[in-house]
Amino acid sequence: MKTFRKTILFLLLFMTISCFGFTSVPKANYQVVPLPQSISNTTGGDFTLNNKTVIVYTKGNTAQKQTAEFLAEYIKLGTGLDVKITDKKTAANAILLKSDNKNEKPESYTLTVNNKLITIAGADEAGIFYGVQTLRKSIPDNVNGTSVIFPAVEIKDYPRFGYRGMMLDVGRHMFPIEFIKKYIDILALHNINRFHWHLTEDQGWRIEIKKYPELTKVGAYREQTVIGRNTSEYDGKPYGGYYTQEEVKDIVAYAQKRFITIIPEIDLPGHMLAALTTYPNLGCTGGPYKVSQLWGVFDDVLCAGNEETYTFLEGVFSELIELFPSEYIHVGGDECPKTRWKECPKCQAKIKELGLTDDPKHSKENKLQSYVISRIEKFLNSKGRQIIGWDEILEGGLAPNATVMSWRGIEGGIAAAKEHHDVIMVPTSHLYFDYYQSKDVDNEPLGIGGYVPVEKVYSFEPIPDGLTEEEQKHIIGTQANLWTEYIPTSNHVEYMVLPRMAALSEVQWTMPEKKNYDLFLHRLDGLMKLYKKSGYNYATHIADISAKAEADINKKAIVITLSTYDNAPIYYTLDGSTPSANSAKYTSPIEIKATTKIRAVAIRENDKSKEYTNQFDFNKATLKKVELVSAPHKNYTANGAVTLVNGTRGGNSYANGEWLGFVGKDFEAIVDLETATDISQVNIGTFMGIGAWIFGVTEYTISVSNDGIDYKQVFSKQYPVREENDPRDITVDVNAEFPTVKARYIKIVAKPTNSMPDWHAGKGKGAFIFIDEIIIK
Ligand SMILES: [Zn+2]
């Protein structure tokens, strides 16, 4: 009894102490995103930030005063504390901003903390700004009007790349000025220093040009918008708008204060339907044209043989350079079909006049596009500006001083660097934030396709192998792009860029040897708390269970490995019931040997993760040996042949690693059932993505054998080529049923569409076929 009472007393005492006595003061954590280049503990003592702390900037320095004001706002948001700014030097309890690190790299800073001062010394004003960003991101989440301890430290930091960009397309959908400012704030939080503003599109012209006022009266509006991915249905609602020059000036100034340069893009000579609708004389056919109501690449482009085109462009760029002080002006150059130019007498006359001819590398029409780009470059160079163009500007020969934005992969960038041109790497494979960030696309807002999760972004290395040191220097940076065909709201924009922008920021800022994805996820945890505090709408996929299902043909099992980035406990069921904390706890990989549905959740304090569900369906082919006679396309190899017998269906996203894609050849596979087996059905799952050049099977043949040498055909059928109005982005099983035969080897041949029909953008070219599973019954 005595002991019991003592224990109670001790417990009570202990609880009192921990609740009221020694409440720990929140401590700053310098492991922020992007990770600084070096963080060293020092012995100068801890600094306590409280409501008496002041921020000191250099007298008369307006940029620094502005940064000091930002820091005060950040501290208010992060801690609730009101700190004052001043230009009077103080010896204690102050955050000192100064730009006397003159000999260091541009944008670099040193942040030192001791018991008297936090000092942020920048090589320049931008460096101070990034030091301030690091400081504010180090504030822990659990501060509410109380003081914060900053442990003694010396942080030395500088960016890996000078060009750290993020693009936003406002042509397809536009966003209010207030949101553009918020977007710039988000960029600043991630140490991004270039905002590439894509201002014109087939679907809308978004910037006021005083010389051509009709552009924003006509070209800024479309009558309606297609529903979904170019279905035949439209919403019937007029859509449009534009930014006035006054608004643009305001935005440019807003960005400048945050050390962000805005690079405007006028996309030419393609993607110009909005301008052509306004001024049909600028097109090859003379129109009439319509501001586009659907998405894609269109044949009607600016006429390159018409001098009025150049007058128009020079008029537009003359006003643009007055609004944007950026050294770089983006002139587009992507996705410009040459269909009209080939037929247009003016364009052909221009080709003749310039003496352009086809050669094995470039067609004369491609050379005409180079002429257009070079002519605009010459004009902009004469005004002291440089051009950036999408990698298509390589076709037909590069304009002499152009910087190339390599988007269709990194190959364009490599080619340009080898020609001693500057390059910005923006490949679709890693840096297109309009792509899905989850494989579970049914539970995502409609997207353009693809699959670029946070980890993929993080893994990107902008400097490719095989470049000389001199060529490497031409890779000046990297950026991610957000195209907005399927992104109609600001909220949705935030969801697509966050937290992938955090991964991007370490690609742009942090040296590759310092990068570590697992540690990054822990840093990201802190940053996401700041997103929440700032009211940003961000995706939370990283908190989901990450699952790996490996089909092991030797074990005859599908081995499932589950994990979470923070080791949160995972509970699962295999009987279809809802998993909870009472379900089996995951401790080691799970082996599945028959048709099973697995459901799992990670359970954190007050928080359940999204459920992971996977259905494994076993049939006679599952986990049997498969031989592929022809290899899949290098971008769509998934896990190789075993993907076809792993019991898992591919679902609605063809790029999620569950589909094999073939082009230019038949799909031909041989399944070895190991013993002679009765079969009467052989099906394959296919994907129909007409917009992505994925067509159906045109001929399907099944043959069987018992020795793997002599085959007997048991089924063959032909199918018509897909038509324009056929359903898109659906899965279709191709079935073969036949009288029961006993066989060990099953040969499956599926023929693709070898020449896409005239109505398709890829007419005459071979279509892909995509296959996810072989089902034998
Ligand atoms: Zn023309």
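The values are calculated or read from the model by the stated rules, or taken from the named source; none is laboratory data. From a predicted model like this one, the values you see are computed outputs, not experimental measurements. Note: ideal-geometry Cβ built from the backbone for every residue, glycine included; neighbour counts use all protein chains shown. Only protein heavy atoms, including side chains, enter the accessible area calculation; ligands, DNA and RNA are left aside. Shrake-Rupley method; radii C 1.70, N 1.55, O 1.52, S 1.80 Å.
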**Study point:** Sole residue being open to solvent by 40 Å² or more (accessible area, probe 1.4 Å), touching a Phe, Trp or Tyr at 6+ places or on another chain (Cβ under 9 Å) and either assigned to a helix (DSSP H, G or I) or not small (G, A, S) (or both), chosen from Y371, Y451
**Key:** Y451
Practice item. Residues being closer than 26 Å to P462 by Cβ, open to solvent by less than 10 Å² (accessible area, probe 1.4 Å) and of a type outside the set (A, V, I, L, M, F, W, C): count how many of those fall in segment 128-160. Key: 5
Exercise for review: Those residues that are open to solvent by 10 Å² or more (accessible area, probe 1.4 Å) and within 12 Å of the ligand (Cβ to nearest atom), I need them from segment 255-281; list them, please.
Suggested key: N281
Check your understanding: Which of the residues that make up segment 40-64 are surrounded by fewer than 17 Cβ atoms within 10 Å (Cβ to Cβ) and under 20 Å from D124 (Cα atoms)?
Key -> K59, G60, T62
Practice item. Can you give me the number of residues within segment 297-309 that are under 29 Å from I448 (Cα atoms) and either within 16 Å of the ligand (Cβ to nearest atom) or at pLDDT below 95 (or both)? Key: 5
Practice item. Out of the residues in segment 171-200 that are closer than 25 Å to F129 by Cβ and charged (D, E, K, R), state the one that is most open to solvent (accessible area, probe 1.4 Å). Key: E178
**Study point:** Number of the exception - E335 against (1) open to solvent by 50 Å² or more (accessible area, probe 1.4 Å); (2) farther than 28 Å from D169 by Cα; (3) of a type outside the set (V, I, T)
**Key:** (2)
**Study point:** Residues (away from the ligand (no atom under 11 Å from the Cβ) and surrounded by fewer than 20 Cβ atoms within 10 Å (Cβ to Cβ)) located in segment 282-294
**Key:** G287, P288, K290, Q293, L294
Check your understanding: Do you know which residues across segment 651-671 are closer than 16 Å to A692 by Cα and modelled with pLDDT of 90 or more?
Key -> W659, L660, G661, F662, V663, G664
Revision key, fill the gap. Restricted to segment 392-409 and to residues being farther than 19 Å from R194 by Cβ and of a type outside the set (D, E), the residue most open to solvent (accessible area, probe 1.4 Å) is R408
Check your understanding: What number goes with the only condition from (1) surrounded by 14 or more Cβ atoms within 10 Å (Cβ to Cβ); (2) under 14 Å from Y612 (Cβ atoms); (3) modelled with pLDDT of 95 or more that I545 does not pass?
Key -> (3)
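Given the structure, is E125 under 22 Å from K514 (Cα atoms), open to solvent by 20 Å² or more (accessible area, probe 1.4 Å) and touching a residue at least 40 places away in the same chain (Cβ under 8 Å)?
Against the criterion (under 22 Å from K514 (Cα atoms), open to solvent by 20 Å² or more (accessible area, probe 1.4 Å) and touching a residue at least 40 places away in the same chain (Cβ under 8 Å)), E125 does not qualify.
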Exercise for review: Would you mind stating whether G228 is assigned to a loop (DSSP other than H, G, I, E, B), within 21 Å of the chain's Cα centre (by Cα) and within 24 Å of L504 (Cα to Cα)?
Suggested key: no
Check your understanding: Can you tell me which residue in segment 316-364 is nearest to the ligand (Cβ to nearest atom), limited to those that are of a type in the set (G, A, S) and part of a helix (DSSP H, G or I)?
Key -> A349
Practice item. Would you check if there is a residue in segment 468-475 being at pLDDT 95 or above and in contact with a Ser or Thr (Cβ under 7 Å, 6 or more places away or on another chain)? Key: no
**Study point:** Matching residues, segment 709-730, being buried (at least 17 other Cβ atoms within 10 Å of the Cβ) and within 37 Å of the chain's Cα centre (by Cα)
**Key:** R722, R728, D729
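Considering each of G219, G287, G236, G270 in turn, give the residue that is among the small types (G, A, S) and more than 25 Å from T484 (Cα to Cα). Working first, answer last.
Numbers: G219 fails: more than 25 Å from T484 (Cα to Cα); G236 fails: more than 25 Å from T484 (Cα to Cα); G270 fails: more than 25 Å from T484 (Cα to Cα).
Result: G287 is the single residue among G219, G287, G236, G270 that is among the small types (G, A, S) and more than 25 Å from T484 (Cα to Cα).
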Exercise for review: Tell me which residues, restricted to segment 42-97, are more than 22 Å from N114 (Cβ to Cβ), without any contact (Cβ under 8 Å) to a residue 60 or more places away in the chain and not in a loop (DSSP other than H, G, I, E, B).
Suggested key: T62, K65, E69, E73, K76
Review point. Can we say R523 is under 30 Å from D422 (Cα atoms), modelled with pLDDT of 95 or more and buried (at least 17 other Cβ atoms within 10 Å of the Cβ)?
Key: no
Review point. Quick check: anything in segment 201-209 open to solvent by 50 Å² or more (accessible area, probe 1.4 Å), closer than 30 Å to I730 by Cα and among the polar types (S, T, N, Q)?
Key: no
Review point. Is there a residue being in contact with a strand residue (DSSP E or B) (Cβ under 6 Å, 6 or more places away or on another chain), acidic (D, E) and under 30 Å from D525 (Cβ atoms) anywhere in segment 618-639?
Key: no
Review point. Identify, please: which residue in segment 634-683 is small (G, A, S) and part of a strand (DSSP E or B) and is, among those, nearest to A743 (Cα to Cα)?
Key: A676
Practice item. For S382, state whether it is more than 21 Å from I475 (Cβ to Cβ), of a type in the set (S, T, Y) and away from the ligand (no atom under 16 Å from the Cβ). Key: yes
Study note, to complete from the structure: Of (1) of a type outside the set (D, E, K, R); (2) assigned to a helix (DSSP H, G or I); (3) within 16 Å of the ligand (Cβ to nearest atom), T216 satisfies every one except (3)
Study note, to complete from the structure: Per the list (1) within 17 Å of K257 (Cα to Cα); (2) touching a strand residue (DSSP E or B) at 6+ places or on another chain (Cβ under 8 Å), residue check on L96 breaks on (1)
Review point. Among all residue pairs at least 6 apart or on different chains, which show Cβ distances below 7 Å where the first residue, located in segment 233-244, is part of a loop (DSSP other than H, G, I, E, B) and the second is open to solvent by 60 Å² or more (accessible area, probe 1.4 Å)?
Key: E233/I227; D235/I227; P238/Y221; P238/E223
Revision key, fill the gap. Checked segment 753-769 for anything surrounded by 14 or more Cβ atoms within 10 Å (Cβ to Cβ) and basic (K, R); matches are K765
Review point. Hey, among the residues in segment 616-647 that are surrounded by 20 or more Cβ atoms within 10 Å (Cβ to Cβ) and β-branched (V, I, T), which one's farthest from A551 (Cα to Cα)?
Key: V626
Exercise for review: Among residues belonging to segment 505-520 that are surrounded by fewer than 20 Cβ atoms within 10 Å (Cβ to Cβ) and in contact (Cβ under 8 Å) with a residue 24 or more places away in the chain, point out the one that is farthest from F433 (Cα to Cα).
Suggested key: K514
